Amino acid sequence: MFGGSFDPPHEAHRRLLASIHEHFQFDKIWIVPSKFPPGKMPTADFSDRLRWTQNTFSLPPYEVSDLEANSSHTIFAKDIIYRLQLQQPEAQYFWILGEDQWEQLPYWKNVDDYASRLIWIVMGRSRANKSPFKSSRLLSRRLLKSSCSYIWADIELMTEISSTAIREWIMEEGLKPQDDKLKKSLPETIRDDVYLCYQNLKKANN
């Protein structure tokens with residue numbers, strides 16, 4: 001499972017998940033766009049973000065979840081886990097998250113109730129170790145009660161590409177879809193749609 005606001009999804013998301021799949025060969029990678037991400041106020045509507053994510057990850061092993069489409073409030077990780085485990089209780093679930101999110105994990109809502117049900121894949125930014133994927137280990141000190149099994153995925157992240165930067169390039173710098181930054185950052189299947197959406201939002205806010 002890989003969650004996020006996807007405001008918008010971009011090439012760094014694609015390359016990251018492709019690398020994860022190459023090493024782990026998961027049967028399925030669930031991608032879960034958040035309608036009301038905790039601590040964030042998305043710029044684009046959820047319907048746009050969901051459509052972009054579906055178009056970006058349209059082929060197996062990826063499957064984009066629309067479980068938050070009809071929600072009127074934030075859906076926390078614990079709710080996602082419970083729903084999926086009810087559907088497929090025999091499956092082993094992994095949660096993919098960044099090192100910055102990993103640092104905040106002890107503060108996730110009711111994390112002690114479900115942390116031990118998962119194996120967490122942490123995308124680290126450190127390049128100190130040459131091995132791209134370390135073996136699974138147990139962690140307990142950074143959670144209140146649970147022992148938490150995790151794998152540290154020390155992979156090369158495309159830090160120059162982010163959803164925030166893409167929005168700024170379009171809404172503040174006025175970049176067009178044919179500009180190199182956007183061509184390298186946004187999948188071709190959604191590039192024009194993303195550009196028009198943020199341009200329209202900029203005009204509406206002026």
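Laboratory data are not the source of any read-out in this text; all were calculated from the coordinates shown. Being a predicted model, the structure only gives us computed values, none of them experimental. All Cβ positions, glycine included, derive from the backbone under ideal geometry; neighbour counts span all protein chains shown.
Quick look at the numbers
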item: Surface/4 of the Cα convex hull for the chain, nm²; result: 12.3 nm²
item: Nearest-ten-degree value, helix 77-87 long axis tilted from longest Cα axis of the chain; result: 70 degrees
item: Value of [θ]222 nm, deg cm²/dmol, for the chain, DSSP H segments ≥ 4, -39500 (n - 2.57) each, nearest 500; result: -11000 deg cm²/dmol
item: Candidates P60, P42, P33: whichever shows maximal mean-square fluctuation once the chain is modelled as a Gaussian network with Cα springs under 10 Å; result: P60
item: Inter-probe distance in nm under a simple model that places probes 7 Å from Cα toward Cβ, at A204 and H23; result: 3.9 nm
item: Exposure proxy ranking, count of Cβ atoms within 10 Å, fewest first, for D7, D45, D193; result: D45, D193, D7
item: Relative exposure of T74, T53, T164, T43, judged by other C-beta atoms within 10 Å (fewest first); result: T164, T74, T43, T53
item: Out-of-range pairs (alpha-carbon distance over 32 Å; input K35/K202; K28/K176; K109/K181; K35/K203; K28/K145); result: K28/K176; K109/K181
item: Interchain or long-range residues, amide H under 5 Å from G98's placed H; result: M123
item: Residue exposure sequence - I29, I161, I170 - by fewest surrounding Cβ within 10 Å; result: I161, I29, I170
item: Dipole magnitude of the chain about its Cα centre (Cβ charges: Lys, Arg +1; Asp, Glu -1), debye to nearest 20; result: 480 debye
